[in-house]
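The block underneath contains the structure these notes are about, expressed in C-alpha cells.
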Amino acid sequence: MQRVNREPISFQDLLRLPGVEEEVQLRGKFGFCAFHGGNLERRTEHIGREAAIRANASFYAVVQPSGTRRHIPSKLVSPEQSAKLRSFINHCEVVVSLHGYGIRGRWIDLLIGGGNRNLARHVSHHLQQAIPAYRCIDDLAAIPPHLRGVHPNNPVNLPEGGGVQIELPPRVRGLTPLAKFWPANHLGSAQFPHMNHLIEGLAQAAATWPSARARQR
C-alpha cells in the first residue's frame, strides 16, 4: 500500500492537487464530514455521504484520488481556505467528522471524541445499538490524545454547537479480508453488513438529535 505523505502542505494547496475533489451538500442542520476521504482514510467519505442521505443531513468531504495520500492534521483544515467548507460550517449546528485509524489491538474500537460531549454520548448510544460487536468509546481519557479531536481549530468544533470526531478502525469500514465474502457494488463493498450497520447507526443518531440540544456542550 502507498505510504502516507506527511510533508507539510497547506489545506489550500491540497485542494489544488490534481484529482482532489471537494463535495458539499447542504440539507439539514446536522452535518457529516470526511476531511481525509478517498485514498487516504478510505471509505470515510462514503460512510458520511450515505448517513447524510438517510438522515437528510448535510455533508462535506475532501476526496483524494488513487496515487495521492497527503495527510493534513484536522486543526489545519481551515474554512478560511475553502469557500465550500466555510459554507458547510456556517450552515450546520453540529457536525460529526469521520476518520480512519489503525492501532494494533484496537480493531473493534470506535473512538468518539470531539468537543460536544453530549452529542458524543448520543452518537455512542446509537452506534452501540447498531453494531454491538464493536466497542464505542466516548470517554476522552480512554482515547489516545492525538485522536481525541478536541483542538479548537479542528473544523468539527467550529459550528455553533460544536461536534464529534469518530475514528473508525479498518474492519468496520470493510477493509479486511472478512469483507470479501460479501459482493461489492460500484461504491466498493457497500453491502458489507458492518459498514451498513454503522451507516444506519449514524443516520439514527442524526435523525434523533433535537436541534435545541445542538447548542449544548
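The values are calculated or read from the model by the stated rules, or taken from the named source; none is laboratory data. Worth saying up front: this structure is predicted, and the values here are computed from it rather than measured. Virtual Cβ from ideal backbone geometry, glycine too; neighbours counted across all protein chains shown.
The set of residues from the stretch 47-87 being touching a Gly at 6+ places or on another chain (Cβ under 7 Å) and more than 20 Å from A120 (Cα to Cα) comprises A61, V62, V63, Q64, P65, T68.
Only one of the numbered conditions (1) touching a residue at least 40 places away in the same chain (Cβ under 8 Å); (2) out of contact with any Cys (no Cβ under 9 Å at 6 or more places or on another chain); (3) at negative phi is not met by L26, and that is (2).
Taken together, the residues in the stretch 104-118 that are assigned to a loop (DSSP other than H, G, I, E, B) and either under 24 Å from S10 (Cβ atoms) or in contact with a strand residue (DSSP E or B) (Cβ under 8 Å, 6 or more places away or on another chain) (or both) amount to 4. For V77, the conditions (1) within 25 Å of L26 (Cβ to Cβ); (2) surrounded by fewer than 21 Cβ atoms within 10 Å (Cβ to Cβ); (3) touching a residue at least 24 places away in the same chain (Cβ under 8 Å); (4) not hydroxyl-bearing (S, T, Y) all hold with the exception of (2).
For the stretch 132-143, the set of residues classified as out of contact with any Leu (no Cβ under 6 Å at 6 or more places or on another chain) and either surrounded by 21 or more Cβ atoms within 10 Å (Cβ to Cβ) or part of a loop (DSSP other than H, G, I, E, B) (or both) consists of P132, A133, D138, D139, listed by residue number.
Just to be sure before I move on: is R104 basic (K, R) and touching a Phe, Trp or Tyr at 6+ places or on another chain (Cβ under 7 Å) in the structure I sent? No: the conditions fail for R104. Taking the conditions exactly as written (in a helix (DSSP H, G or I), farther than 20 Å from F32 by Cβ and not β-branched (V, I, T)), does H146 satisfy them or not? Judged against the criteria, H146 is a match.
Among the residues of this structure, P152 counts as one that is surrounded by fewer than 19 Cβ atoms within 10 Å (Cβ to Cβ), touching a Leu at 6+ places or on another chain (Cβ under 9 Å) and part of a loop (DSSP other than H, G, I, E, B). Pairs linking a residue in the stretch 169-197 that is within 14 Å of E45 (Cα to Cα) to a residue that is surrounded by fewer than 17 Cβ atoms within 10 Å (Cβ to Cβ) and at pLDDT below 55, with Cβ atoms under 8 Å and 6 or more positions apart or on different chains, are G174/G188; A190/A184.
Only helices (runs of 4 or more DSSP H) whose full extent lies in the stretch 1-102 are considered here, and the ones with at least 1 residues that are of a type in the set (S, T, Y) and over 23 Å from V172 (Cβ atoms) are 83-91.
Residue under question is G115, and the condition is that it be crowded, with 16+ Cβ neighbours inside 10 Å and under 17 Å from the mean Cα position of the chain (by Cα); does it hold? In short, yes.
Matching residues to (1) more than 24 Å from A61 (Cα to Cα); (2) touching a Pro at 6+ places or on another chain (Cβ under 6 Å); (3) at pLDDT below 95; (4) aromatic (F, W, Y):
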| residue | (1), (2), (3), (4) |
| --- | --- |
| L119 | no, no, no, no |
| H122 | no, no, no, no |
| H126 | no, no, no, no |
| N153 | no, no, no, no |
| G188 | no, no, yes, no |
| G201 | no, no, no, no |
| Q204 | no, no, no, no |
| R217 | yes, no, yes, no |
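State which residue is surrounded by the fewest Cβ atoms within 10 Å (Cβ to Cβ) when the search covers only the stretch 13-41 and only residues that are more than 20 Å from the chain's Cα centre (by Cα) and not aliphatic (A, V, I, L, M). My answer is P18. Of everything listed in (1) closer than 30 Å to H91 by Cα; (2) at pLDDT 95 or above; (3) not in a strand (DSSP E or B), the single unmet condition for E167 is (3). Taking each residue of the stretch 11-22 that is under 16 Å from S78 (Cβ atoms) and looking for partners that are of a type in the set (S, T, N, Q) with beta-carbon atoms closer than 7 Å, six or more apart or interchain, yields F11/S78; F11/Q81; F11/S82; Q12/Q81; L15/S82; V20/Q64; V20/T68; E22/S82.
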